[in-house]
1. I need every pair where a residue in segment 382-393 that is outside the structural domain of R365 (by TED's automatic domain parsing) has its Cβ under 9 Å from the Cβ of a residue that is in a helix (DSSP H, G or I) and among the charged types (D, E, K, R), sequence separation at least 6 or different chains.
2. So which of G242, G231, G271 is over 30 Å from W88 (Cβ atoms) and in contact with a Lys or Arg (Cβ under 8 Å, 6 or more places away or on another chain)?
3. For segment 240-297, how many residues are under 23 Å from K323 (Cβ atoms) and among the hydrophobic types (A, V, I, L, M, F, W, C)?
4. Exactly one condition in (1) modelled with pLDDT of 95 or more; (2) surrounded by 14 or more Cβ atoms within 10 Å (Cβ to Cβ); (3) not hydrophobic (A, V, I, L, M, F, W, C) is false for N74; which is it?
5. Would you pick out the residues in segment 268-320 that are assigned to a loop (DSSP other than H, G, I, E, B) and among the small types (G, A, S)?
6. Please tell me if R338 is part of a helix (DSSP H, G or I), more than 21 Å from L128 (Cβ to Cβ) and not hydroxyl-bearing (S, T, Y).
7. Determine whether segment 310-322 contains at least one residue that is surrounded by 20 or more Cβ atoms within 10 Å (Cβ to Cβ), within 15 Å of the chain's Cα centre (by Cα) and not hydroxyl-bearing (S, T, Y).
Amino acid sequence: MSYSTLEKTFYRLAQLEHAGAMLGWDQQVMMPSGGNDSRGRALAELDVLNTEILQAPALADAFAQAEQDKANLNDWQLANLKQMRSHWKQATSVPKDLVEAYAMATNECEYAWRSLRTDNNWTDFEPLLQKVFDLTKEKAQALNNALGAERGYANDYEALLDIFDPGTTMSRIDPVFAQLKEAIPGLLTQITEKQNAASPIIQPSAPVDKAKQIALAKELMSNLGFDFNHGRLDEAAHPFSGGVSDDSRITSRYDENNVIEGIMGVIHETGHSRYETGLPKDWRFQPVGQAMGMGVHESQSLFFEMQLGRSAPFIDAIAPIVKKFSGNEAAYQADNMRKMYTHVKPGLIRVNADEVTYPLHVILRYELERDIILGRASVSDIPERWDESMSRYLGLDTKGDYKNGPMQDVHWPSGAVGYFPSYTLGALNAAQLHEAMLKQIPNAPQLVASLDLEPIFDWLATNIWSKGSSLSYDELMVQATGETLNPAYFLNHINSRYLG
């Protein structure tokens, strides 16, 4: 067995992952409620099948042979071999029975979450979430026991971070989050005072039909380069971008009294989709051709949503489109829309948060999930800890409001523990990438104002999308921006947009 055999194995895995992605999309968008148990079993079996393929004893021989043949491999093949080995080692670290139990528990909890959240029912939700966290702790411990020494994990939680954002550690996160916790409250006070002194925002006078919002979303997606021959837009309880690179599946949710939420959700998910569809085609079915990690993934969605979508030139450019579907009223004039899109106010819901307060939502979740995995807190502590943190960070009370508190996100019920830090790391990356892009395309604001966005997308394709996972995170940022992650760019962006 050799490197070519490994490529064939991982090609097969990619096809199974394709099937799983589509089954998962259907489960959240189209599947009748009665199908959940059998769908959960099918998805769990796919996870087990993937694990069995990766845990086959013959693969160890294949990797040994490939190491001996490294001199005959080109740079992309060498990078692919490194990624394949990483996937293999993670898969061989977790027992198959734990993989199956974890898949079944997360399927049950995520599906129940949809109705229990609507009913504000923490009592019935807690034991399901407890089971997910118990199995996640087992998984984290298995990964740390097998890979901790080699990869430098300081604890079990870092093994989970590494799944979603390879190479990210608490030693990277904690100083950055500490800097944000110190800087944001002062900025928030200054921004709030400035906005309170300005003329008030004009609110829409009438609801906007969901069908019109969907038509608006599709037109905006087209302007952002979304290819409807290779993707579609649907509705789900929680917005997400899924599918595969050649068949992108975006979902959003709509509120007839809040067009902003639907628009920004769609722009965010389109950023995810453009990254996936822009990955190197020659390596589409190999690990090196996949997205680098969620910190980079979120940098692309937040580049679209925050750096482009909430910029004055973009808002001015889309105002006529918004009015076409939402009505020709004062609320949708460009100057008022700018105020709506950049209004800063602490709120309960993370996905609706402005970019100033958003990091505090993420830090709250990071601190909670980290402490649960490390045994410093329990699942039963979540409501109280959540309320304490929301009060401390944002001055808000969430007592008894589970729906808009600790039950609002799909991540924990679906097992995505270790994911949340990627959102804020992605926001920092997006600000740094945007600044680098402006240095190379100084007329970018004028291009945005005319919705001539291809030069910007070409820059992203060249510097981010086409790289796949061929580089490390630090290498990618240095090549694209000239330095590793630097939170100063995000803080400068906030100062410039809101206080400049």
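1. none
2. On the way: G242 fails: over 30 Å from W88 (Cβ atoms); G271 fails: in contact with a Lys or Arg (Cβ under 8 Å, 6 or more places away or on another chain).
Criteria check complete, one pass: G231.
3. Residues meeting the conditions: 6.
4. (2)
5. Initial filter on segment 268-320 (assigned to a loop (DSSP other than H, G, I, E, B)): 278-280, 284-286, 290-293, 309-311.
Of everything in segment 268-320, those that are assigned to a loop (DSSP other than H, G, I, E, B) and among the small types (G, A, S) turn out to be G278, A291, G293, G309, S311.
6. Details: part of a helix (DSSP H, G or I): yes; more than 21 Å from L128 (Cβ to Cβ): yes; not hydroxyl-bearing (S, T, Y): yes.
The answer is yes for R338.
7. Scanning segment 310-322, I find no residue that is surrounded by 20 or more Cβ atoms within 10 Å (Cβ to Cβ), within 15 Å of the chain's Cα centre (by Cα) and not hydroxyl-bearing (S, T, Y), so the answer is no.
Residues checked against (1) touching a helix residue (DSSP H, G or I) at 6+ places or on another chain (Cβ under 8 Å); (2) at pLDDT below 95; (3) over 20 Å from V448 (Cβ atoms); (4) of a type outside the set (F, W, Y):
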position: G278; (1), (2), (3), (4): yes, no, no, yes
position: W283; (1), (2), (3), (4): yes, no, yes, no
position: P287; (1), (2), (3), (4): yes, no, yes, yes
position: M292; (1), (2), (3), (4): yes, yes, yes, yes
position: H297; (1), (2), (3), (4): yes, no, yes, yes
position: L302; (1), (2), (3), (4): yes, no, no, yes
position: L308; (1), (2), (3), (4): yes, no, no, yes
position: I315; (1), (2), (3), (4): yes, no, no, yes
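The values are calculated or read from the model by the stated rules, or taken from the named source; none is laboratory data. Model, not experiment: these values are computed from the prediction. FYI the Cβ positions are ideal-geometry reconstructions off the backbone, even for glycines, and counts take in every protein chain you see.
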